[in-house]
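Accompanying notes for the structure given below.
Every number here is computed from the coordinates shown, using simple stated rules; none is lab data. What you see is a predicted model, and the numbers here were worked out from it, not measured in a lab. Don't worry about glycine lacking a Cβ; one is built from the backbone with ideal geometry, like all the others, and counts go over all protein chains shown.
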Amino acid sequence: MIGIEAEAYFLPKSKKEVHKILEEEDIPFGTLAKNIDFRRDLGIEEVHVTEELSSKLALRAVQQVISKANILGSEIDLIIDFTSIPQDYIGPTWSAAGFIQKEINANKAFCTAITVGGCSSYHFALEAACAMISAEDNINRVLLFAGDRTPNYNKTYYPITVSSDGGSALILKNKCERAVILAIEIISVGRLHDVWYVPGLGNRQNDEQLNLEKLLHMHCDMKKFNDGVILINFTMFNRLIARVLKKAGLKKQDIDMFIYPTFSTWDQNYFCRSTGVPREKVYTKKLVERGHVQESDMIINYVDALNDGSIKNGNLVMVLTNGAGFAWTAAIIRH
Amino acid sequence: MKISGTSTPVGIVSTAYCLPPRKMFVRDVFKEEGLEFDLAIANQMGMNHVHVFAGKWRSELALEAAKECLFKAGLNANEIDVVVDFSVLPQDYVVPSWCMSNKIQHELGAGKAFNLGFGGGGTTNLLTALKFVVSLIRTEKVNTALLISTDVAIPGNRVINQDAPLTVLGDGASALIVSKDTRVCEILNIELWSDGRKNDVLCIPGGGLAHPDRLDLYRLRIGAGGYSEESSLRNLKSVTERAAEKAGINLEDVTIFINPNISRKDRGKLLETFGLSGDDLFVDNRRQYGHIQGTDFVINLSQMINERSEGQHNLAAVCSHGWGFSYGAMIVRI
């Protein structure tokens with residue numbers, strides 16, 4: 001039995017109005033397919049922004065989660081960074097895991113990073129941690145964390161969402177009866193590997209005139225997005241839900257709460273309509289004031305749902321998302 | 001043999017590597033980077049030339065390695081359950097937003113696999129990936145895993161470091177297939193440990209959030225102030241001893257020590273620290289290829305697998321010090 005001992009997040013205090021971001025980033029007006037108007041149907045009014053490095057955002061979340069779990073860093077056996085966007089230094093050469101280890105004195109831990117894009121990195125990290133806890137006698141407590149800061153003028157992931165900066169963390173523990181992980185399901189679709197991507201300095205054409213926005217910002221191949229992702233997105237979600245429920249031996253109606261990314265109002269409406277999940281069972285209350293915090297959405301929304309009583313002890317919670325790269329992933333947790 | 005509480009044997013059933021055809025003499029690499037190449041450096045490195053990739057997509061090398069690895073294992077792509085990337089250097093696009101294993105899954109047609117990568121640990125990424133897939137196999141979540149990597153040096157950044165060279169980078173890619181119920185190259189135990197104080201010793205400082213526009217810092221460097229060869233190798237020996245102990249053997253039972261082809265000096269220091277005598281087993285690999293990150297392990301492991309005698313098994317330790325940050329040791333029966 002592996003459970004979540006504690007979870008926490010950190011969002012910087014400073015906020016920015018989304019209409020200003022959309023103006024600054026020259027986001028188009030008008031209607032997309034299925035009468036979706038990105039600006040009209042976004043549902044986000046402001047997001048958290050900071051100039052701090054993503055590792056520092058992660059550290060604040062980690063410090064909180066350690067405090068909540070009432071443990072010392074030295075009690076952690078494994079640290080997994082599941083950040084899904086570019087960090088302080090270039091990956092996969094560097095990740096923030098070692099920095100976190102140093103800051104919390106997790107002296108006996110091993111550090112690594114899951115290098116897979118998109119919000120699904122949360123589930124990949126969960127899968128990795130659970131596998132290692134199950135197979136290894138000396139891995140009993142695992143810290144998972146993420147820290148995200150998007151570059152200025154790259155807050156909008158058109159036509160999906162607008163991003164907040166922030167960090168999140170959770171601690172998984174062997175023989176923990178709280179928030180027990182009942183099942184994890186991952187479906188990867190590799191042909192969509194380059195729908196969302198950051199080119200990086202390695203793809204520069206000219207050393208003299210660096211176009212940093214072009215090189216360091218997240219790009220979306222709109223044709224691949226429309227022809228590839230949108231066409232199959234909700235088919236994949238339905239397949240995913242069926243598979244993870246089967247793994248856990250449950251039915252859809254058994255699930256008390258769905259934790260889903262806070263991308264946008266239009267996306268959430270489509271999710272509910274296409275999967276048959278009742279709107280009141282999808283926790284999205286903070287969309288308007290926060291927007292999307294990458295893979296941390298899964299933890300942040302879980303924490304908020306706990307704090308306002310939307311998730312109660314004994315509830316069955318499905319945490320699910322899609323993630324650039326592309327993957328559809330879910331976990332069922334008995335809180 | 002009961003290992004780590006399970007009797008499921010897990011092994012490396014095939015290995016492959018792919019090197020780009022173009023070669024460059026190490027002395028010419030030094031010249032191109034405006035550095036002196038004297039006898040002392042030549043002796044320290046023990047490298048003649050490196051392979052140099054000239055294409056656009058470095059993942060192409062990994063794809064070739066993966067195809068060969070599948071062929072050697074006699075497997076179809078649709079028998080792969082998980083694809084894991086263990087690369088170290090920058091990829092086709094910026095990691096972690098992009099992950100090569102997705103592209104490889106697609107190109108191979110490994111439709112049922114799920115895909116991810118492990119990063120941040122230098123050459124120890126391979127041992128991390130192996131630990132993950134062994135855990136998945138032993139907990140019966142998957143049967144067969146494909147591990148892949150590709151590493152291509154940043155142009156003008158093959159000599160690491162330029163002021164006091166530690167190694168010279170070659171380009172290349174590799175793949176391994178790990179499967180259950182096999183005693184071929186059986187993995188007995190993997191031990192990992194990190195020293196977070198050294199987290200930024202191996203680093204490319206420019207191009208990330210810290211220094212987005214510093215093209216001059218878009219270079220791999222080993223932070224000389226943070227790296228100590230002696231303490232790194234001492235720590236590595238401790239990790240390797242623990243790995244051996246947990247595998248139920250003594251370090252003295254291990255007859256082959258496989259480490260990355262960093263330099264002749266590094267190999268010599270490893271042998272000295274571990275109290276070993278004998279030949280430098282991988283001298284030819286280092287001479288021909290330089291240091292290709294985790295692919296070094298695959299090249300050296302392949303050599304040992306090819307050289308084994310029928311019916312005779314040796315215990316090997318695959319050891320990585322991750323430049324003092326990320327340590328790993330795997331005990332494997334070859």
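Aspartates and glutamates within cross-link reach of B:Lys112: Cα-Cα under 18 Å, excluding same-chain residues under 8 positions apart?
Once the sequence-local aspartates and glutamates are set aside, what remains near B:Lys112 is A:Glu127, A:Glu185, B:Glu79, B:Asp81, B:Asp85, B:Glu140.
Would you mind checking which residues have amide H under 5 Å from A:Thr156's amide H? H placed 1.01 Å from N; only 5 or more apart, or other chain.
A:Ser163
Output the peptides A:185-198, B:316-329 sorted from most to least packed, where packing is the average of other Cβ atoms within 10 Å over each peptide's residues.
Output ranking for A:185-198, B:316-329: B:316-329, A:185-198.
Read phi for every residue in segment A:198-211 and hand back ³J(HN,Hα) as whole Hz from Karplus 6.51 cos²θ - 1.76 cosθ + 1.60, θ = phi - 60°, with x for Gly and Pro.
3J(HN,Hα) across segment A:198-211, in whole Hz: 10, x, x, 5, x, 9, 6, 9, 9, 6, 7, 10, 6, 9.
Using only the alpha-carbon atoms of segment A:245-317, report the extent along each of the three principal axes, biggest first, to the nearest angstrom.
35, 28, 20
Suppose only helical runs count, i.e. DSSP H with n ≥ 4. What mean residue ellipticity at 222 nm does that imply for chain B under -39500 (n - 2.57) per run, divided by all residues and rounded to the nearest 500 deg cm²/dmol?
-9000 deg cm²/dmol
Limiting things to C-alpha atoms, what are the Rg and the maximum Cα-Cα separation (Dmax) for segment B:10-182, in angstroms?
Rg and Dmax of segment B:10-182, Cα atoms, are 17.4, 54 Å.
How big is the antiparallel share of DSSP beta bridges in chain B, given as a percent to the nearest 5?
75 percent
Can you flag which of A:Lys16/A:Lys312; A:Lys16/B:Lys103; A:Lys13/A:Lys285; A:Lys15/A:Lys56 are past 28 Å Cα-Cα? Walk me through the numbers on the way to the answer.
Values: A:Lys16/A:Lys312 33 Å; A:Lys16/B:Lys103 36 Å; A:Lys13/A:Lys285 19 Å; A:Lys15/A:Lys56 17 Å.
Pairs exceeding 28 Å: A:Lys16/A:Lys312; A:Lys16/B:Lys103.
Rounded to a whole number of µm²/s, how large is the Stokes-Einstein D of segment A:2-177 at 25 °C and 0.890 mPa s, given Rh as the Kirkwood radius over C-alpha pairs?
Working: Rh = 17.2 Å.
The Stokes-Einstein estimate is 142 µm²/s.
Would you tell me the mean number of C-beta atoms belonging to other protein chains that fall within 10 Å of each C-beta in A:136-143, as a whole number?
Mean partner-chain Cβ count within 10 Å for A:136-143: 3.
I'd like the mean, over residues of A:182-191, of how many other protein chain beta carbons sit within 10 Å of each residue's own Cβ. Can you show the working numbers first?
Working: counts 0, 0, 1, 1, 5, 2, 14, 6, 17, 7.
The per-residue average across the peptide is 5.
State the Cα centre-to-centre distance between segment B:279-334 and segment A:183-237 in whole Å.
After rounding, the separation between the Cα centres reads 36 Å.
Which value in nm describes the separation of the simple spin-label points at A:Lys214 and A:Arg40, placed 7 Å from the Cα toward the beta carbon?
3.4 nm
Could you tell me the relative contact order of chain A? Use alpha-carbon pairs under 8 Å, at least six residues apart, and round to a whole percent.
26 percent
Using only the Cα atoms of segment B:281-320, what are the Rg and Dmax in Å?
11.0, 32
Would you mind pulling out the separation of the Cα centroids of segment A:50-123 and segment B:58-121, in Å?
Cα centroid to Cα centroid, the span is 25 Å.
With θ set to phi - 60°, apply the Karplus curve 6.51 cos²θ - 1.76 cosθ + 1.60 along segment A:115-125 and write out the HN-Hα couplings as whole Hz, x wherever there is a Gly or Pro.
Using θ = phi - 60°, the values come out as 10, 9, x, x, 5, 5, 4, 4, 6, 4, 5 Hz.
If you count the DSSP beta bridges with both ends in chain A, what percent of them are antiparallel, to the nearest 5?
For chain A, the DSSP antiparallel bridge percentage is about 75.
Which residues does the label zone of B:Thr273 cover in segment B:304-334, counting backbone N under 13 Å from a point 7 Å along Cα→Cβ?
Once the point is set 7 Å along Cα→Cβ of B:Thr273, B:319-329 turn out to lie under 13 Å by backbone N, inside segment B:304-334.
Positive end of the dipole of the protein assembly as shown, charges at C-beta (+1 Lys, Arg; -1 Asp, Glu), about the Cα centre: which of A:Ala305, B:Thr128, A:Thr83 has its Cα farthest in that direction?
The residue sitting farthest along the positive end of the dipole is A:Ala305.
When you count, for each residue, the other Cβ atoms within 10 Å and take the mean per peptide, how do A:200-209, A:236-245, A:260-269 rank with the highest first?
Answer by packing, highest mean first, reads A:260-269, A:236-245, A:200-209.
For peptide B:212-221, compute the average count of partner chain beta-carbon atoms within 10 Å of each residue's beta-carbon.
That average works out to 3.
From the C-alpha gyration tensor of chain A, pull out the three semi-axes of the equivalent ellipsoid (sqrt of 5λ each), sorted largest to smallest, in whole Å.
Gyration-tensor ellipsoid for chain A: 29, 25, 18 Å.
List the relative contact order of segment B:1-135 as a percent without decimals, with contacts defined as Cα pairs under 8 Å and 6+ residues apart. Each step should come with its number before you reach the end.
Details: 147 pairs, mean separation 30.6, N = 135.
Taking the mean separation of contacting Cα pairs over the length of segment B:1-135, I get 23 percent.
Which of the aspartates and glutamates could a cross-linker bridge to A:Lys108, judged by Cα under 17 Å and excluding same-chain residues fewer than eight apart?
The reachable aspartates and glutamates, counting only those whose Cα sits under 17 Å from A:Lys108, are A:Glu75, A:Asp77, A:Asp81, A:Glu136, A:Asp137, B:Glu191, B:Asp195, B:Glu241.
For A:Phe29 and A:Arg178, calculate 0.36 nm times their separation in residues minus their Cα-Cα distance, and state this gained length in nm to one decimal.
Net length gain for the segment: 49.0 nm.
Equivalent ellipsoid semi-axes for segment A:183-334, as square roots of 5 times the alpha carbon gyration tensor eigenvalues: give them largest first, rounded to whole Å.
32, 18, 13
What translational D, rounded to a whole number of µm²/s, comes out for segment B:1-72 from Stokes-Einstein when the hydrodynamic radius is the Kirkwood one over Cα pairs, at 4 °C and 1.567 mPa s?
Values: Rh = 15.8 Å.
The calculation lands on 82 µm²/s.
Volume per residue, Å³, of the convex hull around the alpha-carbon atoms of the protein assembly as shown?
Cα convex hull per residue, to the nearest whole number: 137 Å³.
Once you have a ≥ b ≥ c as the square roots of the Cα gyration tensor eigenvalues for segment B:173-270, tell me rounded if a/c is under 1.5, and otherwise prolate or oblate according to whether a/b is larger than b/c.
Cα axes put segment B:173-270 in the prolate bin.
Where does segment B:239-316 land on Rg/Rh, using Cα atoms and the Kirkwood Rh?
Rg divided by Rh gives 0.96.
Please state the shape class of segment B:77-142: rounded when a/c is under 1.5, otherwise prolate if a/b exceeds b/c and oblate if not, all from the C-alpha gyration tensor.
Since a/c reaches 1.5 but b/c is at least a/b, the shape of segment B:77-142 is classed as oblate.
What range in chain B is the longest one free of trypsin sites (Lys or Arg not before Pro) that are in a loop by DSSP and have at most 16 other Cβ atoms within 10 angstrom? Mind showing how you got there, number by number?
On the way: sites that count: B:Lys2, B:Arg22, B:Lys56, B:Lys112, B:Arg183, B:Arg214, B:Arg308.
Segment B:215-307 is the longest.
Just the number, please: percent antiparallel of the DSSP beta bridges in the protein assembly as shown, rounded to the nearest 5.
Among the beta bridges of the protein assembly as shown, antiparallel pairing accounts for roughly 75 percent.
What shape does chain B have by the C-alpha gyration tensor, where a ≥ b ≥ c are the square roots of the eigenvalues, rounded means a/c under 1.5, and otherwise prolate means a/b greater than b/c and oblate the rest?
Because a/c hits 1.5 or more and a/b fails to exceed b/c, chain B counts as oblate.
Can you return the aspartates and glutamates within cross-link range of A:Lys20? Criterion is Cα-Cα under 20 Å, with same-chain partners fewer than 8 residues away left out.
Hits, sequence-local ones excluded: A:Asp37, A:Asp41, A:Glu45, A:Glu46, A:Glu51, A:Asp165, A:Glu213, A:Glu289.
Tell me, what is a quarter of the convex hull surface for the C-alpha atoms of segment B:37-77, in nm² with one decimal?
Reported value for the Cα convex hull: 4.8 nm².
What does the charge add up to near B:Gly207, with Lys and Arg as +1, Asp and Glu as -1, over the other residues with Cβ less than 10 Å from its Cβ?
+2
Using Cα-Cα distances under 8 Å and only pairs 6 or more residues apart, what relative contact order does chain B have, in percent? Don't jump to the answer; show the numbers that get you there.
Details: 737 pairs, mean separation 83.3, N = 334.
Once normalised by length, the contact order is 25 percent.
So how do B:Leu202, B:Leu217 line up by other beta-carbon neighbours within 10 Å, fewest first?
Result, fewest neighbours first: B:Leu217, B:Leu202.
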